[in-house]
């Protein structure tokens, strides 16, 4: 869980930050540059930490899945950022000459498509799986409609939607190169803690070091939004 969250969240931090600087001409401050360097170091170290635990035949799949988690979540954050830019004061719900969807319409449609794609994926997995796997999967589906899973789903949905609304409200007012690293940095740390105490995962000291680097990078991005110094960043321009 910690490795999965590490790559997924680092993508959600790094890609919107780079996109904001390159496409929306956001200021590449000293602290943002340092934060990005720390993120890259954390990403490389976290990949190498699990390499010894994986069979040589599976190492290619491992890196592919890491890349997908990084890229897809990062792209999702980029698209959310583009959508949010249309709600900025004076933007008139327009980005690059195209009209953006209202916030609540956007939320409804994205969640509906999520349900649809999840259903399609489930059907495909059932079609290609063995008979005993399908039987076990249908047993698991029946358990979804019990009281505890429903309450957990409602709680998760409430927190997730509230967090997304707050993030989208902030999008027009805070640079993507600062907002997304700040909002996702805590997820990396909390996921590792939950994995350790709820799922009894044995997180190595090496992985804790990577998580610490991610938390440090988050702090740098926060300072990058408050103290826009550009001496170090100027070396990269």
- Label residue 196 and residue 145 with points 7 Å out from Cα along Cα→Cβ: what is the distance between them in nm? 4.1 nm
- Query: How would you rank 106-112, 194-200, highest first, on the average number of other Cβ atoms within 10 Å across their residues?
  - Reply: 106-112, 194-200
- Describe numerically, in nm with one decimal, the distance between label points set 7 Å from Cα along Cα→Cβ at residue 58 and at residue 72. 1.8 nm
- Could you calculate the contour length gain from residue 125 to residue 107, that is, 0.36 nm times the residue separation minus the distance between their Cα atoms, to one decimal place in nm? 3.8 nm
- Query: Does a label point 7 Å from the Cα of residue 27, set along Cα-to-beta-carbon, have any residues of segment 160-180 with amide nitrogen under 18 Å, and which are they?
  - Reply: 172-180
- segment 97-150 versus segment 175-205: alpha-carbon centroid distance in Å: 25 Å
- What is the Cα radius of gyration of segment 101-170 over 2.2 N^0.38 Å, N being its residue count? 1.43
- Task: First measure r as the distance between the Cβ atoms of residue 117 and residue 205, then evaluate 1/(1 + (r/R0)^6) with R0 = 41 Å and state the FRET efficiency to the nearest 0.05.
- Result: 0.60
- What nm distance separates the two modelled labels at residue 136 and residue 154, each placed 7 Å from Cα along Cα→Cβ? 3.1 nm
- Fully extended, how many nm does the chain gain between residue 173 and residue 98 (0.36 nm per residue separation, minus their Cα-Cα distance)? 25.0 nm
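All of the numbers you see were taken from the coordinates with simple rules; none came from a lab. As the structure is a computational prediction, the values presented were derived from the model and not from experiment. All Cβ positions, glycine included, derive from the backbone under ideal geometry; neighbour counts span all protein chains shown.
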